[in-house]
Amino acid sequence: MYYRKFYNLNLQPCTPVEFVKCWNTRYSPEGDVIYYASLYSDKAKLSLKTALNDSDVEKLLIWKFGGHAWRKFYEPTLSILNELNKFRSLNKITTRKEESLWQKTRSVSRKGIVAQAFLFHISRPHGYPIIDQHALRAYLFVTTGILIKGNPLANTSCDTYGKFLSILRPYEAFFSYLMRNSGCSSDPKAVDRALWTFGRFLSKEGTGSRAAGYEIGETVAVATRVNMPAGTVLKGQIIDLGNWDVGGWRRRDFHVWKDIATGYPRVGDIIVLIDSEGDRYQSVFTKPGHRGYVCLGKPSNLKLWHLKHYPHHKVVEDGVLFEFTGRDNEFRIYTSKEWHMKTAHRED
């Protein structure tokens with residue numbers, strides 16, 4: 001992960017320790033009474049020595065989803081409770097066993113990562129963080145400098161194990177980093193509360209039109225408006241990085257050639273990409289190339305887009321087109337096939 005920049009109540013940069021202390025203390029404690037009563041106050045359950053029961057499931061679903069919404073998850077969760085307890089009793093988590101449990105969670109929620117990730121969390125509280133829109137908004141702001149005031153998960157469909165991992169793994173790594181560096185290695189809920197509170201604050205307060213900067217090594221990356229005509233097209237190429245991530249996905253990058261007139265993109269520029277289905281992705285140009293191109297990374301930022309179009313285990317070094325929308329730093333991204341269909345339609 002290239003960047004982590006944390007903020008206090010005044011949106012001034014702070015340390016991870018100060019971040020968790022600031023936002024954790026502003027979390028309303030009443031909401032966690034049921035959560036702690038059913039999971040964290042029982043040290044045996046926290047240490048995975050005791051199985052979850054029907055009552056635990058009911059309390060935890062009420063805490064997470066509230067109102068009447070929890071009821072639609074209750075019976076489906078009970079139907080896989082044995083699998084959840086078997087997973088929490090494992091000495092070692094393998095990809096095969098993790099994917100097997102994910103398949104079971106689909107009977108509870110076929111496409112929603114919030115419910116899927118929560119079932120993993122209650123199975124192994126220290127191993128899998130809770131994912132929700134506020135925590136993810138905080139994560140994206142801290143790691144990319146981009147503020148999404150709406151629900152970052154609004155257009156997300158986790159209907160494959162690969163898509164599930166493409167969201168879970170980067171957030172999991174970030175969450176672990178924050179736990180280690182905030183002095184909360186034994187209290188993941190403190191980190192979760194801090195992220196949830198900060199994310200909710202961002203959704204209500206925001207940062208106005210101010211661009212948010214962040215560091216990659218000694219490079220400062222800023223989300224600023226691109227100064228080129230709408231419809232300008234940049235050419236790119238998918239590049240095989242020659243290795244795999246923990247989920248077996250072959251890692252890949254983009255080389256994007258600069259616009260001659262403006263010199264865009266440059267190292268440190270943030271880009272927002274919109275695909276043919278309307279899904280949005282944020283990434284940053286991380287390092288210069290030798291023949292007029294700039295590398296667009298990191299790979300996991302655009303993994304979901306790759307999974308929509310290309311094989312999981314093999315890289316297709318396809319040409320990719322980026323068309324500027326005319327708004328801020330937003331571009332539409334096309335595979336070579338999509339671009340051919342788009343331009344052929346224009347000619348007709």
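The values are calculated or read from the model by the stated rules, or taken from the named source; none is laboratory data. Note that the structure is a prediction, hence the values are computed from the model and not measured. Neighbour counts run over all protein chains shown; Cβ positions are idealised from the backbone, glycine included.
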| remark: For Gly326, the lone unmet condition from (1) part of a helix (DSSP H, G or I); (2) more than 14 Å from Tyr281 (Cβ to Cβ) is (1)
| Residue, surrounded by the most Cβ atoms within 10 Å (Cβ to Cβ), within segment 320-329, restricted to residues that are of a type outside the set (A, V, I, L, M, F, W, C) and either touching a Lys or Arg at 6+ places or on another chain (Cβ under 7 Å) or not assigned by TED's automatic domain parsing to the domain that holds Gly248 (or both) | Asn329
| query | What are the residues in segment 123-145 that are surrounded by fewer than 23 Cβ atoms within 10 Å (Cβ to Cβ), at pLDDT below 90 and touching a Ser or Thr at 6+ places or on another chain (Cβ under 9 Å), if any? | reply | His126, Thr144
| field | All positions within segment 280-317 that are assigned to a loop (DSSP other than H, G, I, E, B) and loosely packed, with under 15 Cβ neighbours inside 10 Å | value | Gly289, His290, Arg291, Gly292, Pro311, His313, Lys314, Val316, Glu317
| request: Working carefully through the options Ser209, Ser157, Ser186, Ser166, find the one that is polar (S, T, N, Q) and at pLDDT 85 or above. | output: Ser166
| query | Is there a residue in segment 294-309 that is at pLDDT 90 or above and aromatic (Phe, Trp, Tyr)? | reply | yes
| Of the residues Arg106, Arg110, Arg88, Arg96, which single one is closer than 22 Å to Pro76 by Cβ, more than 20 Å from the chain's Cα centre (by Cα) and not assigned by TED's automatic domain parsing to the domain that holds Gly247? | Arg88
| Within segment 251-266, how many residues are at pLDDT 90 or above, among the basic types (Lys, Arg) and either assigned to a loop (DSSP other than H, G, I, E, B) or surrounded by fewer than 20 Cβ atoms within 10 Å (Cβ to Cβ) (or both)? | 2
| request: Residue by residue through segment 267-278, note down the ones that are touching a helix residue (DSSP H, G or I) at 6+ places or on another chain (Cβ under 7 Å) and surrounded by fewer than 18 Cβ atoms within 10 Å (Cβ to Cβ). | output: Ser276
| query | Of the residues that make up segment 5-22, is at least one assigned to a helix (DSSP H, G or I), at pLDDT 75 or above and either surrounded by fewer than 16 Cβ atoms within 10 Å (Cβ to Cβ) or acidic (Asp, Glu) (or both)? | reply | yes
| remark: Among residues of segment 23-55 being acidic (Asp, Glu) and surrounded by 14 or more Cβ atoms within 10 Å (Cβ to Cβ), the residue modelled with the highest pLDDT is Asp32
| In segment 260-283, what residues are within 27 Å of Leu153 (Cα to Cα) and of a type in the set (Ser, Thr, Tyr)? | Ser276, Tyr281, Ser283
| request: Exactly one condition in (1) more than 11 Å from the chain's Cα centre (by Cα); (2) under 27 Å from His312 (Cβ atoms); (3) surrounded by 21 or more Cβ atoms within 10 Å (Cβ to Cβ) is not met by Gly162; state its number. | output: (3)
| said: Consider segment 257-309. How many of its residues are of a type in the set (Val, Ile, Thr) and over 27 Å from Arg137 (Cβ atoms)? | reply: 3
| query | Restricting the search to segment 105-122, which residues are part of a helix (DSSP H, G or I), crowded, with 21+ Cβ neighbours inside 10 Å and without any contact (Cβ under 8 Å) to a residue 60 or more places away in the chain? | reply | Thr105, Ile113, Ala115, Gln116, Ala117, Phe118, Leu119, Phe120
